[in-house]
Amino acid sequence: MNMTALLIGLGPLLGWGLYPTIASKFGGKPTNQILGSTIGTLIFALVLVLVMGLKIPTGMNFVYALISGIGWAAAQILTFKAFELVGSSRAMPVTTAFQLLGASLWGVFVLGNWPGLTNKIIGFVALAVIILGAYFTVWSQDKKPADASHLKRAVGILAVGEIGYWLYSAAPQAGSIDGMHAFLPQAIGMVLTAAVYCLFNRQNGNAFTQAVSYKQIISGFFFAFAALTYLISAQPNMNGLATGFVLSQTSVILATLTGIYWLHQTKTKKEMVVTMIGLVLILAAATVTAFL
């Protein structure tokens, strides 16, 4: 692996690692966060299309990419709700674990990954380790009933959100469209979903007229940067799909640690040790599943 490929492969570490923390730092409600971040993603995608001279897909390819973006936005709305309940430092490892589980199971049962009994055994053991790692990251030394209730709600919300993240990954596979060309219609689907959500959720005011929504455009740039660098990293002449995927998952470490130290989502020393063990388990198991 050359240095250029490695640096591009670590783009998602910065983009996806900082995205949830920046979105939480700017504040606002999920309506503000999803509206601003999807607008930021759309701006980034439009600039990419113009600079690269990319052709916009047509027909069913456009529809599949649009559905992909709708899935991501719906899932991200639920993830923002989980942030409200338990904070990004606890929610991010859980949603990462769910996404790894979803992607792996989809690959095994639909795409025929992990051929052979040995690979399947190793793979499912790795999935069990991912679940264990996620449990470690949310472990609490002082188990208060209110915190436990919030955590259960957050985990349930994130589990439902995995359906949207699955659509984000799986929908483009239904057509003959690569990630680079899918980027703009995905972003359009994201913005449309965010707009509809904001139109029907005005309990906390009109997100379209609130300044914090437009501050969140910056967080959208971070998400889009991560998505783009991942697409480049996963190309065969760079890091390839397996290595690119593993490198992208390092973002969970930065997302968790910046949530703890920048957003002051405090943990005790023992909780920090257990959290770090959990993160290592998630990344180690993700590495195993990527190379089976």
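Is it the case that some residue within the range 199-214 is under 25 Å from Y64 (Cα atoms), of a type in the set (A, V, I, L, M) and in a helix (DSSP H, G or I)? Checked the range 199-214: at least one residue is under 25 Å from Y64 (Cα atoms), of a type in the set (A, V, I, L, M) and in a helix (DSSP H, G or I). When the range 162-204 is limited to residues that are aliphatic (A, V, I, L, M) and touching a Pro at 6+ places or on another chain (Cβ under 8 Å), the one that is modelled with the lowest pLDDT turns out to be I177. Filter the range 251-276 for residues that are in contact (Cβ under 8 Å) with a residue 40 or more places away in the chain and charged (D, E, K, R) and give the result. The answer is K267, K270, E271.
Could you check the range 132-146 and list, in sequence order, the residues that are touching a residue at least 60 places away in the same chain (Cβ under 8 Å), part of a helix (DSSP H, G or I) and more than 14 Å from M92 (Cα to Cα)? Within the range 132-146, just L132 meets the criteria. Residues that are surrounded by fewer than 23 Cβ atoms within 10 Å (Cβ to Cβ) and aliphatic (A, V, I, L, M) are absent from the range 87-100 altogether. The set of residues in the range 147-194 being surrounded by fewer than 16 Cβ atoms within 10 Å (Cβ to Cβ) and outside any helix (DSSP H, G or I) consists of S176, D178.
Taking the range 220-255 as the search range and keeping residues that are assigned to a helix (DSSP H, G or I), of a type in the set (S, T, N, Q) and under 13 Å from the mean Cα position of the chain (by Cα), which one is nearest to F83 (Cα to Cα)? Please lay out each step first, then the result.
If we filter the range 220-255 for residues that are assigned to a helix (DSSP H, G or I), which is where we start, we get 220-233, 240-249, 251-255.
Those left that are additionally of a type in the set (S, T, N, Q): 229, 233, 243, 248-249, 251.
Subset that is under 13 Å from the mean Cα position of the chain (by Cα): 248-249, 251.
Values: S248: 21, Q249: 19, S251: 17 Å.
Filtering the range 220-255 for residues that are assigned to a helix (DSSP H, G or I), of a type in the set (S, T, N, Q) and under 13 Å from the mean Cα position of the chain (by Cα), the one nearest to F83 (Cα to Cα) comes out as S251.
Taking the range 256-276 as the range and being surrounded by fewer than 15 Cβ atoms within 10 Å (Cβ to Cβ) and in a helix (DSSP H, G or I) as the test, the residues that pass are Y261, K269, K270, M272, V273. Scanning the range 43-60 for residues that are in a helix (DSSP H, G or I) and not β-branched (V, I, T) yields F44, A45, L46, L48, L50, M52, G59, M60.
In the range 1-42, which residues are among the hydrophobic types (A, V, I, L, M, F, W, C), assigned to a helix (DSSP H, G or I) and within 19 Å of the chain's Cα centre (by Cα)? Please lay out each step first, then the result.
Going residue by residue through the range 1-42, those that are among the hydrophobic types (A, V, I, L, M, F, W, C) are 1, 3, 5-8, 10, 13-14, 16, 18, 22-23, 26, 34-35, 39, 42.
Applying the additional criterion that residues be assigned to a helix (DSSP H, G or I) yields 3, 5-8, 13-14, 16, 18, 22-23, 26, 34-35, 39, 42.
Correct list: I8, L13, L14, W16, L18, I22, A23, F26, I34, L35, I39, L42.
I'd like the full set of residues that are hydrophobic (A, V, I, L, M, F, W, C) and under 24 Å from T266 (Cβ atoms), limited to the range 127-141. Spell out the reasoning first.
So in the range 127-141, the residues hydrophobic (A, V, I, L, M, F, W, C) come out as 127-132, 134, 136, 138-139.
Hits for the range 127-141 are L132, A134, F136, V138, W139.
Out of A227, A207, A285, one residue alone is surrounded by 21 or more Cβ atoms within 10 Å (Cβ to Cβ), in contact with a Phe, Trp or Tyr (Cβ under 8 Å, 6 or more places away or on another chain) and modelled with pLDDT of 90 or more. It is A227.
The set of residues in the range 1-23 being among the hydrophobic types (A, V, I, L, M, F, W, C), within 17 Å of L283 (Cα to Cα) and crowded, with 22+ Cβ neighbours inside 10 Å consists of W16 alone.
The values are calculated or read from the model by the stated rules, or taken from the named source; none is laboratory data. Computed from a prediction, not measured in an experiment: that's the story for all the values here. Note: ideal-geometry Cβ built from the backbone for every residue, glycine included; neighbour counts use all protein chains shown.
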